[in-house]
Amino acid sequence: MDDYDMMDGAGDQPQVKISGADSTRVEFQLSKTNLSFANSIRRIIQAEVPTIAIDLVEVEVNSSVLADEFIAHRLGLIPLDSSTANELNFTRDCDCEQYCEQCSVTLTLNAKCQSDEIMKVYASDLVVDGRHSSNVGKPVITDPDGLGCLIAKLRRDQELRLTCIAKKGIAKEHSKWMPTSAVGFEYDPHNKLAHTDLWFENDTDPAVEWPKSKYADWEDPPQEGEPFDYDATPNKFYFEVETAGGMQPNQIVMSGIDALIWKLGGLLVGLGVREPEKEAGAGGYDGPRSPDMNMDGGTTPWGQDGYQSAYGGGGQTAYGGGGMTSYGGGYQTAYGGRTDYQGSSWQ
Amino acid sequence: MPGRTTKEDTPQDAQMEDAPTSAQVGEAQVEDEIEEDQEEEVEPQRVRILPGSTDTAASFEFIDEGHTLGNALRYVIMKNPDVEFCAYSIPHPSEPKMNIRIQTYDGHAVDALKKGLADLQDVCDVVAEKFWTKREEYNAEHGIAR
């Protein structure tokens, strides 16, 4: 694909090794790549994987001791099943006025305490609308009693009656949409690169203050008196992705990479990487001046009269259906279409 | 968008006051058809070239991007042997902007940027594919049915 060593030959490709996995977490080692890229993966997994969370709460009756907004906040943090979050649109992209079944899931809660005992209201008491065939938006319940997380406690005659609208979102907007509870990210366990200071008190033992991580056994310890290698760069990264419950851990990783590819695809479309057949139509558009038009102009400085667009003249044309292909390409063939891992192989 | 109306800007504005509503409706319909053709709403422009750029040395400003894209993209663009220099910065933490500077030995900075985006996609593809196959292997080995 390239005229230079991006990834020709399997030896130079990034490598992945899975060292542990269960239903809540996956541990893997990413190697033969660079800190920048590995960190992008971490950041996107934590902040830009779309999930479902309660976003709007209409309180009809709340005679509990907790304030409406307090309960609304607690409801927002309840993990909801997001393994099929792709089924839903983002509300801002949806055609509807406010929200609809294509971009939201409605959950209702109806609880009243009628005994002298304190009543506990759990996530399992939320009733999901039956408008979705999948589990999307169902509260995640993993405890053996099948209760889910505690929302509120009610005394005799206290009542809680409310409707929740769950929407798709990303953690950049609000952390309730985080798919993960934690992402471990580590490299260079022996601190050979001295990226970490490992500070310690004078009268303490640094080896005790800074115990070696479990990954220390995976890499060679530094030799006694070894000179500092100033050319060395980190190339092995240890990830531990732990789910918050709404998604399978490996699905989180895949969706994260997916999100990054989409982000890049969107920018490529914006920059006017268009299909050849669209090219003709694009020419007639008298849009913002494109750098493409400057191709044969030598080193003409851009933007004498202020800012100009990096978008191609046909930037808008590229959206018309053809936009999809620039996202796809090798990606779709790589693992068989966007929806593949959302389907049967995951459930 | 603004570029399109430049030619007839003044005469059109003058006519607008007297023009029958039907004429305006017709224009609106054409607009609608264009919108439909695009199938998607036109996204606000998210990349621009900063003033003072030349063909081989340009600065790009990305709106709503951050270290996630910036650092990885910088790394991938630096791998291109035609690129002399590439760096990114976030000029101010409270502005959602990310700047990338690209200087090339040969060829256009815009091409280097496009190539960087495409190459980063390819790297993502490889990692996604590797992760997927390794996870399948792991599941098979450990008898995890999923």
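The values are calculated or read from the model by the stated rules, or taken from the named source; none is laboratory data. In this text the structure is predicted, and so the values were computed from the model without any measurement. Cβ: placed from backbone, ideal geometry, glycine included. Neighbour counts: every protein chain shown.
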Pick from A:F200, A:F237: which is surrounded by 11 or more Cβ atoms within 10 Å (Cβ to Cβ) and assigned to a strand (DSSP E or B)? A:F237
Within region B:70-90, track down each residue that is of a type in the set (D, E) and facing chain A (nearest Cβ under 10 Å). B:D82
What number goes with the only condition from (1) more than 27 Å from B:I144 (Cα to Cα); (2) within 26 Å of the chain's Cα centre (by Cα) that A:Q223 does not pass? (2)
Could you grab the pairs with beta carbons closer than 6 Å, sequence gap of 6+ or different chains, first residue in region A:68-93 and closer than 20 Å to A:A111 by Cα, second one among the small types (G, A, S) and assigned to a helix (DSSP H, G or I)? A:I78/A:A123
Give the residues of region B:58-95 that are in a strand (DSSP E or B) and within 24 Å of A:I170 (Cα to Cα), sorted by residue number. B:E61, B:F62, B:I63, B:S89
Number of the exception - A:H132 against (1) buried (at least 20 other Cβ atoms within 10 Å of the Cβ); (2) modelled with pLDDT under 95: (1)
Selection from region A:155-197 of residues under 28 Å from B:P96 (Cβ atoms), in a loop (DSSP other than H, G, I, E, B) and of a type in the set (K, R) yields A:K172
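What is the residue count in region B:116-141 for residues that are basic (K, R) and out of contact with any helix residue (DSSP H, G or I) (no Cβ under 8 Å at 6 or more places or on another chain)?
Qualifying residue count, region B:116-141: 2.
Matching residues to (1) at the interface with chain A (Cβ under 8 Å from one of its Cβ atoms); (2) within 29 Å of A:V16 (Cα to Cα); (3) within 15 Å of the chain's Cα centre (by Cα):
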{"residue": "B:F60", "(1), (2), (3)": "yes, no, yes"}
{"residue": "B:T68", "(1), (2), (3)": "yes, yes, yes"}
{"residue": "B:H92", "(1), (2), (3)": "no, no, no"}
{"residue": "B:E95", "(1), (2), (3)": "no, no, no"}
{"residue": "B:M98", "(1), (2), (3)": "no, no, yes"}
{"residue": "B:D106", "(1), (2), (3)": "no, no, no"}
Taking region A:46-93 as the region of interest, how many residues are surrounded by fewer than 16 Cβ atoms within 10 Å (Cβ to Cβ) and aliphatic (A, V, I, L, M)? 4
Only residues in region A:244-256 that are within 10 Å of chain B (Cβ to nearest Cβ) count as the first member; pair them with residues that are among the hydroxyl-bearing types (S, T, Y), Cβ under 6 angstrom, at least 6 apart or cross-chain, and list the lot. A:P249/A:T243; A:M254/A:Y341
Scanning region A:154-199 residue by residue, the ones that are without any contact (Cβ under 8 Å) to a residue 24 or more places away in the chain and β-branched (V, I, T) total 1
Answer yes or no: is there a residue in region B:128-144 that is β-branched (V, I, T), closer than 24 Å to A:R43 by Cα and loosely packed, with under 15 Cβ neighbours inside 10 Å. yes
Taking B:V110 as the residue in question, decide whether it is closer than 17 Å to A:Q13 by Cβ and either assigned to a helix (DSSP H, G or I) or within 10 Å of chain A (Cβ to nearest Cβ) (or both). no
Is it true that B:I90 is modelled with pLDDT of 95 or more, under 25 Å from A:Q46 (Cβ atoms) and among the aliphatic types (A, V, I, L, M)? yes
